[in-house]
Amino acid sequence: MHDLDRRTILLAGAASLLPVPAAAASPRAAIRAAIDRQLPENIARIQDWIRHPGIAAENWQMDSACDYTMGLLRDAGFQTVRKMPTSGQPGIFATLDVGAKRTMGIYFMYDVKQVNPDEWSSPPFEARIVDKPGFGKVIVGRGAINQKGPEAAFLAALHAFRAAGARLPVNLVLVAEGEEEIASPNFHEIVQAPDVLAALKRCDGIIIPTAWQAPNGAVQINLGAKGPLEFQLIASGEAWGKGPKGDIHSSYHAQVDSPVWRLVQALDTLVEADGHTPAIDGWFDNVRALTARERELIAQTAAANSETDAKRALGVKMWINDEPWQQSLERLAGQPTINIQGLVAGYTGQGGKTVLPGRAEAKLECRLVPNQTKKEAEAKLRAHLAKRGFGDIEVKVSGGYDPTETAETSRVIRAQQAVYTRLGVPQTLNPRLAGSWPGSVFTQPPVSLPAGQFGLGHGSGAHAPNEYFVIESSNPKVEGLAGCTMGFVEFLYEMGGG
């Protein structure tokens, strides 16, 4: 299937403005009819958004990406849409007030991860529609699932309310950032601006739109997420006072020290001999063990999901220590990590180059669990390296935030459970997402809101080649774009009181 032509989009847009037949007595029925009519333009909106990327890690097209997102919010009916300057990339503050009794918070991100086009089956910013066996028609592109597809589906729900002449059941306060993919170093500046904070304080909770149905149709409701600390370690002859300032011939390694081995030795101190247990001094001092309730929820998740499918999806044959399924899930939720994302030094091209490099760099991230903090982790990392004589190695922290937790009794979690139950979607409660999102900026003071994710539909490949989002599902257990959009309609009604 090829991209929709402009005439089709315009005709669909015109159709969405037609009056709703009087026979459509229920607001939900009228809204669903509007969603179906508007499907071509909703698909086109995702495609066009993917074609307007911003990559914070490369400082590429960020201002224009922010402006484009602001336009999408205005088109969806937000009355106030304001660009929020930060110490880094700009954010967005938007409100939609319909005079409802309750107010709901929404979190958006408009930045995407870097790409290597050579690794993709189609150009990552063309947003082509292709057939994917087992799933149906999908949009392939960077940001398709993380997070433009689900976020555009949420906006499509707002368009459908308006086209159906139906009143939104809740007021909306939306905050967006352009630095999520670099661990949100400045997002707190947006959220803690006085007028933004005052608006958020009126909310019952906040969500990030998602589309996380598994192939069997099931969803996990996350009660929290690990917090990240992203950083670089850089060893250089210049800073060390040993080794060369630049690359020299490798024969001199009998006479001159190597900054690359210096970095490797420093990295080796960060984990135990098993290669995965953090060994930074005091790293586990404040780590909170899994509670009995968390272990109970993990057992339910293990029983409800296929270990074989999980291994196949990840391309692995065994878990750490060849642990059984449930134990591996407990580790996934409760274990802090120190991971090397990339390690670069010297020549990496074809053949050898016989050089002794003068500089080596590693990119790492830690995943933190309650009750660790980003500030504590950074301090312990620096102290650990200095104590072992690696004080010359430069530590450059690019972003991070604390772990997040939300009570399962909160309105935002209960609403998810109610909607999934009403729609017949299998669900489990997950104590903690192993990945990260800046939920702690909301759950911690001064905001102190429950926060989570919600969404039907499916996609995969976040941060990887051939990222995709399902728009027309061939799997009867998984929703396509129309069902994903209707899910947000149901969630808004639930948060508004039914």
(request) Just tell me which lysines come within less than 16 Å, Cα to Cα, of Lys396; anything on the same chain fewer than 8 places away is out. (result) Lys363, Lys374, Lys375, Lys380
(request) With +1 on each Lys and Arg Cβ and -1 on each Asp and Glu Cβ, and nothing else charged, work out how big the dipole of the chain is about its Cα centre, in Debye to the nearest 20. (result) 940
(request) Please give the contour-minus-distance gain from Gln326 to Thr428: 0.36 nm per residue of separation, less the Cα-Cα distance, rounded to one decimal in nm. (result) 35.3 nm
(message) Taking loop as defined by DSSP and a crowding limit of 15 other beta carbons within 10 Å, which trypsin sites (Lys or Arg not before Pro) in segment 363-447 fit?
(response) Arg388
(message) Using alpha carbons only, how many angstrom separate the centre of segment 78-131 from the centre of segment 437-498?
(response) 13
(request) Answer with one residue from Thr406, Phe125, Ser440: the one whose Cα lies farthest towards the positive end of the charge dipole of the chain, charges on Cβ with Lys, Arg +1 and Asp, Glu -1. (result) Thr406
(message) Just to be sure I understand, if you calculate Cα extents along the principal axes in Å for this structure, which of [x] 83, 53, 45; [y] 60, 52, 45; [z] 88, 51, 48 do you get?
(response) [z]
(request) Check cross-link reach from Lys132 to the lysines: straight Cα distance under 16 Å, and skip same-chain residues fewer than eight apart. (result) Lys477
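Which of the trypsin sites (Lys or Arg not before Pro) found in segment 62-148 are in a DSSP loop and have at most 14 neighbouring Cβ atoms, other than their own, within 10 Å?
Working: sites: Arg74, Arg82, Lys83, Lys101, Arg102, Lys113, Arg128, Lys137, Arg142, Lys148; in loops: Lys101, Arg102, Lys113, Arg142.
For trypsin sites (Lys or Arg not before Pro) across segment 62-148 that sit outside H, G, I, E and B with at most 14 neighbouring Cβ atoms in 10 Å, the list reads Lys101.
Ranked by Cβ crowding within 10 angstrom, fewest neighbours first, how are Thr103, Thr404, Thr485, Thr348 ordered? Let's see the in-between values first.
Working: Thr103 22, Thr404 26, Thr485 31, Thr348 7.
Final ranking by Cβ density, sparse to dense: Thr348, Thr103, Thr404, Thr485.
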(request) Give a residue-ordered list of calculated ³J(HN,Hα) values for segment 273-288 (Karplus: 6.51 cos²θ - 1.76 cosθ + 1.60, θ = phi - 60°; whole Hz; x for Gly, Pro). (result) 4, 6, x, 9, 7, x, 10, 5, 3, x, 4, 9, 4, 10, 5, 8
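When only Cα pairs under 8 Å and 6 or more residues apart are kept, what is the percent relative contact order across the chain? Write down the numbers at each step before the final one.
On the way: 1056 pairs, mean separation 117.5, N = 498.
Relative contact order here is 24 percent.
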(message) Just to compare against my own numbers: the Cα pair-distance distribution for segment 298-445, 10 Å bins, whole % per bin, please.
(response) 8, 26, 29, 23, 10, 4, 0
(message) Run the reach check for Lys101 against aspartates and glutamates, Cα to Cα strictly under 18 Å, same-chain hits fewer than 8 apart removed. What comes back?
(response) Asp204, Glu490, Glu494
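Rule-based calculations on the coordinates, nothing more; no lab input. Computed from a prediction, not measured in an experiment: that's the story for all the values here. Quick reminder, even Gly has a Cβ in these numbers, built from the backbone with ideal geometry, and neighbours come from all protein chains shown.
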